[in-house]
1. What spacing in nm lies between the two simple spin-label points modelled at N24 and E42, each 7 Å away from Cα in the Cβ direction?
2. Any chance you could run the full-extension gain for T9 through L56? It's 0.36 nm times the residue separation minus the Cα-Cα distance, nm to one decimal.
3. Can you run phi through the Karplus equation (6.51, -1.76, 1.60; θ = phi - 60°) for the range 32-42 and list ³J(HN,Hα) in whole Hz, with x for Gly and Pro?
4. For a test of the definition: using alpha carbon positions, the gyration tensor, and the 1.5 limit on a/c, classify the range 2-59 as rounded, prolate or oblate.
5. Under the definition of Cα pairs under 8 Å and six or more residues apart, what whole-number percent is the relative contact order of the range 1-58?
6. Using helices alone, I'd like the mean residue ellipticity at 222 nm for the chain: each DSSP H run of four-plus residues gives -39500 (n - 2.57), total over residue count, nearest 500.
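Computed from the coordinates by the stated procedures, all read-outs in this text should not be read as laboratory data. Just so you know, these numbers come straight off a predicted model, no measurement behind them. Reconstructed Cβ throughout: ideal geometry from the backbone, glycine too, with neighbour counts over all protein chains shown.
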Amino acid sequence: MADLNSILTPGMIVRHPDRPEWGNGQIQSNIGGRITVNFREEGKVVLDGSKVALVLVSASD
């Protein structure tokens, strides 16, 4: 589960698999398994990377 999360870097676009209503989110930081994501519909959320496997949508160019 944490394999993908460990490579997430700021600017990448992800989705939360259990919260589709949050829309896409942009990674703000990924420090020590704590991933901060700014979701379009939910705002800024800090997630425990060991408990949720985010879904990569794209990396920003």
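1. 1.7
2. Numbers: separation 47, 0.36 × 47 = 16.92 nm, distance 1.08 nm.
Gain on stretching T9 to L56: 15.8 nm.
3. Once θ is set to phi - 60°, the couplings for the range 32-42 become x, x, 9, 10, 9, 10, 9, 7, 4, 9, 10 Hz.
4. On the way: a/c = 1.42, a/b = 1.33, b/c = 1.06.
Taking the square roots of the gyration eigenvalues as a ≥ b ≥ c, the range 2-59 is rounded.
5. Values: 122 pairs, mean separation 22.1, N = 58.
Once divided by the residue count of the range 1-58, the mean separation gives 38 percent.
6. Numbers: 1 runs with 6 residues, N = 61.
That comes out to -2000 deg cm²/dmol.
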